[in-house]
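The structure appears below as structure tokens.
The values are calculated or read from the model by the stated rules, or taken from the named source; none is laboratory data. Computed from a prediction, not measured in an experiment: that's the story for all the values here. Ideal geometry is used to build each Cβ from the backbone, glycine not excepted, and the neighbour counts take in all protein chains shown. Side chains are part of the model used for accessible areas, which takes the heavy atoms of the whole protein and leaves out ligands, DNA and RNA. Shrake-Rupley method; radii C 1.70, N 1.55, O 1.52, S 1.80 Å.
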Amino acid sequence: MGFIGQSIPRTDGFGKVTGQATFVDDLCLPDMLFGATIRSDEPHARLERIEWDPDFDWSSIVRVDASDIPGRNAIFLEQWDQPALAQDVIRHHAEPVALIACADRELLETARKHVTLVTRPLDPLFDPEEALTSEIKIFGEDNLFKQIEIEKGDAPGAMKSAWRVVEGEYRFGYQEQMYIETQGVIAVPGEDGGVTVHGSMQCPYYVLKALTPLLGLPPEKVRIIQTTTGGAFGGKEEYPSMLAAHAVLLALKSGRPVKMVYDRAEDIAVTPKRHPGVIRHRTGVDREGHLLAQEVEILLDGGAYCTLSPVVLGRAAIAAGGPYRCDNLKVLARMVATNKPPSGAFRGFGGPQAAFGVERHMDRIAEEFGVSPLEIRRRNLLQIGDTTATGQQLKDSVGIGEVLEKVAEISDFENRHRAYQHQPAKERLRRGIGLAVCFHGGGFTGAGETWLASKVDLELTSRGGVSIHCGSVEMGQGRNTVFSQIAADALGIDLALVQTPPPDTATCPDSGPTAASRTTMVVGRLVSDAAENLLARMTELLAQQAGVQLDAIHYGQGAFHWEGQDLPFGEAALQLHESCGLVRARAQFVDRDGMVWDPQTYRGDAYAAYSWAAIATEVELDMDTCMPRITRVVAAEDIGKAINPLSVEGQIQGGTLQGLGYGALEEVKMENGRFVNYRMTDCLIPTAMDVPDMEVVIVERPYQHGPAGAKGLGELPTDLPAPALAAAISQAAGFRFDEIPVTPERIAARLTQGKEGA
Amino acid sequence: MKPVVFQRASTLEEALFLLAPPQPEATVLAGGTDVMVWIRSGGFHPARVVDISPLRAECARIVEREGQIAVGALCTHAEMASSPLLREKLPLLAEAAASVGAPPIRNRGTLGGNIGGSSPAGDMLPVLLACDATVVLQSAGETRRIPYSRYCIGYRKTVRRSEELITEVVFPLPAPTALARWYKVGGRRAQACSKVNLAAVGALDRQGQVAFLRLGIGSCAATPVLMENVAGQLVGCYLSKEAIDGVIPAISRDISPIDDPRSTARYRSLVAQNLVIRFLEELVATATAT
Ligand SMILES: Cc1cc2nc3c(=O)[nH]c(=O)nc-3n(C[C@H](O)[C@H](O)[C@H](O)COP(=O)(O)OP(=O)(O)OC[C@H]3O[C@@H](n4cnc5c(N)ncnc54)[C@H](O)[C@@H]3O)c2cc1C
């Protein structure tokens, strides 16, 4: 008995592999139109008017601009600053200004060329370092989306008594999610004046909450249905609200279904990416290499609109000091506005930037001390009883020491690191090894989960099983399989009896966004709670029908038992479905951890549970081509409990590869506020041929309130490969690289610095 | 958008007829791995397309004749990569073909298409230069044979006339003593356009002097380049350490790399130097070993 802990094949796998899964672009509705977006060609300008060529025949084309928006022209998320269609001012290149739709896609492309935006250029602001003081105002008076200060102890004071103070600056670029399925939706107008949206997305309720004020419609007239989603990685957290808004405006104006599916070039050019920026560290250390004081400054480039940036900044600020014990810490984190396409959510959500800064900095401290990167970390790792940056005391489920030691041992870190320090200088192939550790809190920050008050429903089906209803989506990460395993075990029934229909806001309660590594840990727990509530409800109904006392019935071994009767779950479910109609039970989030959190000061319990990870990466650097080949990766990750070990391993491998790409390959280049390599030919991510030999170790230090002890997993593996890879390349090259991606071009520039003719 | 006239030729004769005047100029379609991309996202709107893919019976052979190897224009990269004849007699070409794109592209993309497009990054082209290959151009009226070193005359500009079809490429067999190497440097390990690619063929004579040296390099100028300055400086010389180090200015004269979204001029220069030097050092090492 028991599906939890077993490597069940993905329940959605077969349909996807055999091409049966229906993606939004596979859907075709009668009378459907195709929509397209007219975008600005400037990073900052005053929009005087939109000129529709009077000599062009517009009769078969539906046209929409900001004046067609019935409600408030904003895509609501954290702020109301981002319009669905620009009005008066253009704040970034490729900003949507108008929309057209037509049944004929070729005509649509032709029509696009007959629209002219009449604009007056404004000076653009590109450098985030200048944002606060610039004369150019994009957001408020100071272009500051959010500032977070965290203070613990007395960092400036402790810094004075430090034996040595180590400083460093760490820079990182954009990263593109590159989900395999581009963004897409279909909007269908309803006869009641309402609208239904089918689309590829992570957060159906975000779309709902963005559309209702935009359209001025009550929530019951807006329905969002998730279609099979081909990857998301955070990239389908905020943007589907924008795309849905556009399709809906066209659908309402035309009275016909409207499909909008971006091609890859448009998708890369306009959708939010990982925030670029800079992190500066100043750390006071004592004679033994213990951290006495940490001062960290974070500056992230949010682009022209707020999106989820303040939340990303929060994650980065909390993780800025790393998983280390330090009684005196001061973090100043800022998210600023620039005239660039907005940055946004991406797996890790501020974590990869923070980890890159602090882990490269720990390497620098180790170097200055003459100890190994492993040793400096060993001396400073958090342990049970210590407090984090926000003053949260760690009570249990702290696997950081174990993951580090596992990685150190399996990768033979110390020996190799020492050996590579002494390799001959003139070798063509030089080697290096790097190490990193990190932590990632599961769920929304602080009181976020209480505020979300997520709900999950379990319902008996006509086939004698149950179906799980909630807003959390399957996007390739394994939600359907994991939820099925949890529900099957909680009910003591077979996996085949559990159904996981895609979220539909008309029938599924809001279980919060599919983000923040919360789906298994938080929503999975609700699935298990809902199962218990369902059993209680069934017991109640059976007792009524059998005319016995409630406590006369007990449930075990997949059956209800009373007075010598044994009624298997499936039969009971059929019987109740027959006799009572809809039988549904709900579970709602309750804070079992007694979290105390102050969002103003960022003091308190930031997360109910942390996951911990360590990684070692080894490279061979070809000094002729400056190309690193990653020869080996060892990753150990404490995720509480692997509900599905195969899935967990897959998540860790994929996330690690994404993190390695972030460290040394993936670069979205920008010139004058526009992305220049917006095609897959030039916007590279690793291929299967780039996957290194990877060893994954799963460590399970359970979180008592997670389902079977599970904690967050989705983002953790992406947080830490980049600094470890940068460290390995630095060792191999004999130069320190503190800016990612560490591309061959950057390495070459360093190696030839000062040399002429190269 | 104007409709495209699409014509499919079933024989070479028919293809040449369809391309010959007075018919208006047409775009030849072989594997389509370039043409389709240009149409889909490069703003390319051909008025007429002549599909030559059915010509495989006539134009997809790899044969040895009179001390030469002839490769049909419609040979795919996959066919070249796995051809036993090429692997034995012209492994450089097979190896370069195996480094193109990924399996789907290698299954469709052709040698003729690579030459037809003559992108500065085309992976077959340095090999053609290094092997002194000749492109055979056929039209209804005549057949022209043009060495690839005189074929591509500017950025994606070639001497091919619109009525001509590339039918095959002829490679003289390299001397048995020659060392041949293929180096491809892309952004990642597969499915990557070259940032620098180098096909190198060379041999030392019995005295240890350079008997001949042909280096074809790509992505380092507006066209693939035969490195004549390097060869001119080294042929007839001993490859001493000084001689090898002294070749760097000649390398710089042969190439004129630029910054573009794929890489930087500085990187390309450095890698071009390092790869040429690596080849010369290998040449010395192999000669010493035998
Ligand atoms: C994802 C992807 C990856 C790629 N990777 C690489 C790579 O790694 N290395 C590389 O070199 N290239 C690469 N390419 C480019 C392309 O695949 C190759 O250049 C291929 O050889 C083109 O052959 P084709 O038959 O598909 O050409 P087509 O697209 O059919 O034609 C290309 C050009 O040649 C002309 N042409 C074709 N055949 C003839 C002929 N017989 N006579 C006269 N003109 C002709 C056409 O008119 C056109 O101008 C890649 C392309 C894609 C889409």
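Please give the calculated 222 nm ellipticity per residue for chain A, where each DSSP H segment of at least 4 residues contributes -39500 (n - 2.57) and the sum is spread over every residue; nearest 500 deg cm²/dmol?
Value at 222 nm, helices only, nearest 500: -8500 deg cm²/dmol.
With r as the distance between the Cβ atoms of A:E167 and B:R150 and R0 = 41 Å, compute the FRET efficiency 1/(1 + (r/R0)^6) and round to 0.05.
0.10
Taking springs between alpha-carbon atoms closer than 10 angstrom, which of B:M80, B:M124, B:M36 fluctuates most in the Gaussian network model of chain B?
B:M36
Please go through region A:698-757 and write out the GluC sites (Glu not before Pro) that DSSP classes as loop and that have at most 12 other C-beta atoms within 10 Å.
Those that pass, being in a loop and sparsely packed, are A:E756.
Around A:C683, under 12 Å between beta carbons, what's the net of Lys plus Arg minus Asp minus Glu among the other residues?
Summing Lys/Arg as +1 and Asp/Glu as -1 gives +1.
Could you work out the relative contact order of region A:632-731, using alpha carbon pairs under 8 angstrom and six or more residues apart, expressed as a whole percent?
50 percent
About the Cα centre of region A:448-588, how large is the charge dipole given +1 on each Lys and Arg Cβ and -1 on each Asp and Glu Cβ? Please answer in debye to the nearest 20.
I would put it at about 400 debye.
Can you give the local net charge around A:G289? Use residues other than it whose beta-carbon is closer than 9 angstrom to its beta-carbon, Lys and Arg +1, Asp and Glu -1.
Net charge around A:G289: -1.
Could you tell me how far the Cα centroid of region A:62-111 sits from the Cα centroid of region A:213-241, in Å?
For region A:213-241 versus region A:62-111, the Cα centre distance is 16 Å.
What translational D, rounded to a whole number of µm²/s, comes out for region B:175-218 from Stokes-Einstein when the hydrodynamic radius is the Kirkwood one over Cα pairs, at 20 °C and 1.002 mPa s?
Once the numbers are plugged in, D ends up at 182 µm²/s.
Take A:K340, A:K406 and sort them by solvent-accessible surface of the protein heavy atoms, 1.4 Å probe, largest at the top.
The residues order as A:K406, A:K340, largest area first.
Name all residues of region B:109-134 having a backbone nitrogen under 12 Å from the label point set 7 Å from the Cα of B:I258 along its Cα→Cβ direction, giving them as ranges.
Hits in region B:109-134 for B:I258 at 12 Å: B:120.
Per residue, what accessible area does chain A have, given a 1.4 Å probe and all protein chains present, in Å²?
Ligands and nucleic acids excluded, the result is 36 Å² per residue.
Give the lysines reachable from A:K113 as a straight Cα distance under 23 Å; neighbours fewer than 8 places away on the same chain don't count.
Correct list for A:K113: A:K253, A:K259, B:K2.
What is the set of long-range amide H partners of A:A84 at a cut-off below 5 Å, with H atoms built 1.01 Å from backbone N?
Result for A:A84 returns A:A74, A:I75.
Take A:R518, A:R592, A:R105 and sort them by solvent-accessible surface of the protein heavy atoms, 1.4 Å probe, largest at the top.
A:R105, A:R592, A:R518
Could you give me the ³J(HN,Hα) list for region B:43-51, computed from phi with Karplus coefficients 6.51, -1.76, 1.60 and θ = phi - 60°, whole Hz, x at Gly and Pro?
x, 8, 10, x, 7, 9, 10, 10, 8
Apply the Karplus parameterisation 6.51 cos²θ - 1.76 cosθ + 1.60, with θ equal to phi minus 60°, to every residue of region A:489-502 and state each ³J(HN,Hα) to the nearest whole Hz, in sequence, with x for glycine and proline.
Couplings: 5, 5, 9, x, 10, 6, 4, 5, 7, 9, 10, 10, x, x Hz.
For A:V89, enumerate residues with amide H under 5 Å from its amide H, sequence gap 5+ or separate chain, H modeled in the peptide plane.
Correct list: A:L47.
Taking the Cα centre of chain B as origin and charging only Cβ (+1 Lys, Arg; -1 Asp, Glu), how large is the dipole, in debye to the nearest 20?
In debye, rounded to 20, chain B gives about 700.
For B:C193, A:C306, give the ranking by accessible area with the largest first, probe 1.4 Å.
B:C193, A:C306
Which residues' amide hydrogens lie under 5 Å from the amide hydrogen of A:F23, considering only partners 5 or more residues apart or on another chain, with H built in the peptide plane?
So A:F23 has HN proximity to no qualifying residue.
Rounded to the nearest 20 debye, what is the charge dipole size of chain A about its Cα centre when +1 sits on each Lys and Arg Cβ and -1 on each Asp and Glu Cβ?
Its charge dipole is roughly 820 debye.
Rounded to whole Hz and in sequence order, give me ³J(HN,Hα) for region A:253-263 from the Karplus expression 6.51 cos²θ - 1.76 cosθ + 1.60, θ = phi - 60°, writing x for Gly and Pro.
6, 8, x, 10, x, 10, 9, 10, 10, 6, 7
Go ahead and run the numbers for FRET between A:M689 and A:A447, Cβ-Cβ distance against an R0 of 30 Å, rounding to 0.05.
That pair, A:M689 with A:A447, gives E of 0.05.
PRE reach from A:R112 (point 7 Å along Cα→Cβ): which of region A:659-703 fall under 17 Å by backbone N?
A:675-680
So, R0 is 22 Å and r is the distance between the beta-carbons of A:R105 and A:T681; what FRET efficiency does that work out to, to 0.05?
0.45
Under 8 Å for C-alpha pairs, at least 6 residues apart: give me the relative contact order for region B:5-54, rounded to a whole percent.
Computed over region B:5-54, the figure is 59 percent.
So which lysines pass the test for A:K455, namely a Cα distance under 26 Å, with those fewer than 8 places away in the same chain ruled out?
A:K455 reaches A:K209, A:K221, A:K236, A:K641, A:K711.
Select from region B:33-125 those trypsin sites (Lys or Arg not before Pro) which occupy a DSSP coil region and have at most 16 other Cβ atoms within 10 Å, ordered by residue number.
Hits after loop and neighbour filter: B:R61.
Can you find, among A:G321, B:A70, A:P509, the residue sitting farthest towards the positive end of the charge dipole of the protein assembly as shown, where Lys and Arg contribute +1 and Asp and Glu -1 at Cβ?
The one lying farthest along the dipole's positive direction is B:A70.
Which Cα, out of B:V159, A:G476, A:P707, lies furthest along the positive dipole direction of the protein assembly as shown (beta carbon charges, K/R +1, D/E -1)?
B:V159
Quick one: check the C-alpha center-to-center distance for region A:623-658 versus region A:12-39, whole angstrom.
31 Å
Give the relative contact order (percent, whole number) for chain A; include only Cα pairs under 8 Å separated by 6+ residues.
This gives 16 percent for chain A.
Need the C-alpha centroid separation for region A:398-467 versus region A:489-564, integer Å.
Centre-to-centre (Cα) distance: 32 Å.
Between A:S60 and A:T461, what is the label-to-label distance in nm when each label sits 7 Å out along the Cα-to-Cβ direction?
4.4 nm
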